[in-house]
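First the structure, in the form of structure tokens, and then the observations on it.
The values are calculated or read from the model by the stated rules, or taken from the named source; none is laboratory data. Treat the numbers as computed from the prediction; the structure is a model and nothing was measured. Positions of Cβ are generated from backbone atoms using ideal geometry, with glycine treated the same way; all protein chains shown enter the neighbour counts. Just the protein is used for accessible areas: all its heavy atoms, side chains included, with ligands, DNA and RNA removed. Shrake-Rupley method; radii C 1.70, N 1.55, O 1.52, S 1.80 Å.
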Amino acid sequence: MLLKIFAFILCSNLLFSCSGHTTKLPNSSVVKENGDLQDSVKQKAEQLKSIYPRLSSSYQGMYDYEYFEAFPKSFKTLNALFGYTDKEPMGTEFNPGPLYDEAHLYMEAFFKLNIGKKEYYKRMIEISLNGRWYADGVNYFQHGMKEKVKQDLEIFCELLSGYSDKEIQGFWYFYFDGPHPADAIPEELQKAELINERIYRLMETGLKEVQQSWKE
């Protein structure tokens with residue numbers, strides 16, 4: 001009898017302990033995720049600060065790839081590094097990234113790198129997939145990316161064809177996003193219809209989505 005009572009108490013304690021532990025996991029995970037992003041952004045900021053001065057004196061672009069590797073690989077990191085976050089109501093708490101004030105210099109350096117086109121453009125696509133327009137740092141990136149797309153539309157269409165419809169539409173959403181979206185597909189992008197009908201169709205969808213979002 002005593003053994004049964006002891007076993008019941010032990011099992012009850014174990015169940016209570018496990019239940020208490022699991023309820024704390026989500027909050028701990030969120031804290032860890034935010035902490036990981038902050039640590040990653042700080043690390044990238046230091047890397048770019050270290051490499052940037054060497055680019056101008058680089059012999060035949062020997063530091064270009066090092067800078068490329070240190071550059072963000074996602075929109076979330078790009079905005080955290082060069083952009084800003086704020087809280088509602090708009091502007092009540094402005095939180096700039098560690099390289100916000102020099103963002104135009106670091107963006108200019110990125111778009112002058114001597115990197116193989118497909119690898120280079122794929123990075124621009126990866127950053128743009130979940131992008132949204134913001135002033136300053138993000139705007140500098142968007143402008144530079146758009147210039148590259150206009151220069152090499154065929155290569156971008158080839159690379160984009162390997163992504164899902166949702167991802168391709170997201171890329172074009174970021175491309176067109178801004179306070180004054182285009183009324184129609186710009187002339188320099190219309191040849192995409194001949195290159196890849198799927199890409200062009202999703203381009204049109206992305207633009208319509210942007211137009212609608214700025215009407216609301």
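Three semi-axes describe the equivalent ellipsoid of the stretch 137-216; taken as square roots of 5 times the Cα gyration tensor eigenvalues and ordered largest first, they are 19, 15, 12 Å. Tell me the carbon and sulfur percent of the accessible area for the stretch 166-216, rounded to whole percent, probe radius 1.4 Å. Roughly 46 percent of what the probe reaches on the stretch 166-216 is carbon or sulfur.
At full extension, His104 and Ala182 could sit 25.7 nm farther apart than now, given 0.36 nm per residue minus the alpha carbon distance.
Residue-normalised convex hull volume from the C-alpha trace of the stretch 87-159: 100 Å³ per residue.
Measure off 7 Å from each Cα along the Cα-to-Cβ vector at Ser213 and Asp39, then give the distance between these two points in nanometres to one decimal. Modelled inter-label distance: 3.2 nm. Here the convex hull built on the C-alpha positions of the stretch 79-216 has a volume of 110 cubic angstrom per residue. The order of His143, His104, His180 by accessible area, most exposed first and with a 1.4 Å probe, is His180, His143, His104.
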